Amino acid sequence: MTFQADPHRYDGRMPYRRCGRSGLDLPILSLGLWQNFGASDVFETGRAMIRRAFDRGVTHFDLANNYGTPYGSAEDNFGRWMTSDLAPHRDELIISSKAGWDMWPGPYGGPSGSRKYVIASCEQSLRRTTLDYFDIFYSHRMDETTPLEETAGALVQLHRQGKALYVGISAYTVEATIRMVELLASEGVPMLVHQPRYSLLHRDVEGGLLAELARVGAGCVVFSPLEQGLLSDRFLDGLPPSDSRLAKGITITADRLTPATIERLRALSAIAAKRGQSLAQMAIAWTLRDTRVTSAIIGTRTVRQLDELLDAANGPSFDEGELREIDLVTRAPANDPPDRRN
C-alpha cells in the first residue's frame with residue numbers, strides 16, 4: 001500500500017528548536033537507527049516505526065555507516081524505506097550519517113578519521129541510503145592517530161561538494177571540539193552540531209561542553225538519553241527482561257545493573273510517577289530541559305514503544321523542586337565506560 005503521510009503531522013504535536021546559531025530547526029525528538037533497523041531485525045517493523053515517527057512530526061533520522069547487523073544494513077534498509085515511502089518528502093527531512101568506527105577490512109576501513117576513510121565512508125553511505133546528499137554528516141569519533149586538520153579537511157571537502165549540507169562531530173572532548181570549530185571556520189564551514197552522550201546517569205556534557213557549544217553557536221543533539229534502555233521501568237525489579245539489550249549483552253552489559261543503580265532507578269521512577277510520566281518519558285524530557293540541547297535521539301523496538309517515547313515531547317515542564325530532587329539522586333559522577341558505538 002502506498003504510504004500516505006498524516007496531513008496533520010505539523011499541527012503542533014512535535015516542537016522544534018533552532019540548532020545553534022544556524023538557520024536549521026530540528027524536532028526536539030529525533031529517531032536513531034542504531035539498533036532494531038538492520039538486516040537482522042524485522043523489516044516491516046522498522047518500516048512501521050519510520051512511518052509512525054514521520055506522521056508524528058519527526059523529521060530527523062539519524063544513521064551511521066556501521067549501524068545495523070551486519071554493519072551498513074540500517075542504511076540499506078533506510079534506503080529501501082526512502083524509495084518506497086519517503087522520497088516524495090525528501091525536502092521535509094533531515095537525514096544524518098557518520099563515519100569513524102571500523103567498517104570494512106584492510107588498513108583503510110577504520111576506525112579512522114583519515115580523509116581516505118571519511119570520504120569513502122560518506123560515498124558508501126550515500127549509495128546505501130539512495131541519497132544524493134546528507135543534511136548532516138558527522139565525524140563519529142575522535143581519532144587520536146589522525147591530525148584533526150585532516151579530519152576537518154575531509155568534512156570541508158564533503159561540504160563543498162554538496163554531499164553534506166552541514167557537518168558535525170560526535171563524542172569529541174571539549175578541547176578537540178574547540179579546535180574543530182576553529183579548523184572548520186578557517187575554511188568558511190561552520191560546525192553545525194555536536195552529538196554527545198547525555199542522560200540522567202551520564203552528565204559529562206554539563207562539565208563545559210554545553211557552555212562551549214553555546215559560545216560558538218553550535219547545536220547539541222544528544223544520544224543515549226535512556227542509557228540504552230536502562231532508564232526505564234523495565235529494570236526496577238533488578239532483573240533485566242530477556243529481550244533487552246542488557247540481557248543480551250548488546251552494547252551494554254549486565255554489570256551496569258548494580259544494587260546502587262537499581263536504587264537510583266526506583267527513586268527516579270517515583271519522581272516520574274508524580275509527574276504522570278514513565279521513567280523513560282521523564283528521562284528524555286529531562287535532557288531537553290536545557291534549551292541548549294537541540295534534540296534528543298531516541299531508539300525504539302516497536303511502534304507502541306515509539307509512541308510512548310514521543311509523548312515525552314509534550315510532557316509537563318520541571319519545577320525547581322523536581323530538579324533538585326533529581327539532582328540528589330543523580331549527582332554522583334558516572335563512571336561507566338563509553339559506548340563502543342552510538
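The values are calculated or read from the model by the stated rules, or taken from the named source; none is laboratory data. Everything numeric in this text was worked out from a predicted model, so none of it was measured. Here the Cβ positions follow ideal geometry from the backbone for every residue, glycine too, while neighbour counts run over all protein chains shown.
Odds and ends about this structure:
- For the range 127-160, residues that are surrounded by fewer than 18 Cβ atoms within 10 Å (Cβ to Cβ) and closer than 19 Å to Leu63 by Cβ total 4.
- The range 204-229: number of residues that are under 12 Å from Ser295 (Cα atoms) and out of contact with any helix residue (DSSP H, G or I) (no Cβ under 9 Å at 6 or more places or on another chain): 3
- Checking Gly100 against (1) touching a Lys or Arg at 6+ places or on another chain (Cβ under 7 Å); (2) closer than 14 Å to Glu150 by Cα; (3) surrounded by fewer than 20 Cβ atoms within 10 Å (Cβ to Cβ), the condition it does not meet: (3)
- Listed by first and then second residue, the pairs linking a residue in the range 224-237 that is on the phi > 0 side of the Ramachandran plot and of a type in the set (Gly, Ala, Ser) to a residue that is outside any helix (DSSP H, G or I) and modelled with pLDDT under 95, with Cβ atoms under 6 Å apart and 6 or more places separating them unless they lie on different chains, are Gly229/Ser244.
- Single condition Leu158 does not satisfy, out of (1) part of a helix (DSSP H, G or I); (2) more than 24 Å from Glu75 (Cβ to Cβ); (3) not charged (D, E, K, R): (2)
- Filtered by the rule that a residue be part of a helix (DSSP H, G or I) and not basic (Lys, Arg), the range 196-223 gives Asp204, Val205, Glu206, Gly207, Leu209, Leu210, Ala211, Glu212, Leu213, Ala214, Val216.
- Where strands (runs of 3 or more DSSP E) sit wholly within the range 16-132, those with at least 2 residues that are hydrophobic (A, V, I, L, M, F, W, C), in contact with a strand residue (DSSP E or B) (Cβ under 9 Å, 6 or more places away or on another chain) and at pLDDT 95 or above occupy 29-32, 94-99.
- Lone qualifier among Leu231, Leu183, Leu209 - being crowded, with 17+ Cβ neighbours inside 10 Å, closer than 19 Å to Leu29 by Cβ and of a type outside the set (D, E, K, R): Leu231
- Members of the range 281-303 found to be crowded, with 16+ Cβ neighbours inside 10 Å and under 15 Å from Thr330 (Cβ atoms), listed by number: Met282, Ala283, Ile284, Ala285, Trp286, Thr287
- Residue within the range 27-41 that is surrounded by 22 or more Cβ atoms within 10 Å (Cβ to Cβ), closer than 30 Å to Ala214 by Cα and of a type in the set (Ser, Thr, Tyr) present: yes
- Total residues in the range 237-270, condition among the hydrophobic types (A, V, I, L, M, F, W, C), surrounded by fewer than 23 Cβ atoms within 10 Å (Cβ to Cβ) and at pLDDT below 90: 6
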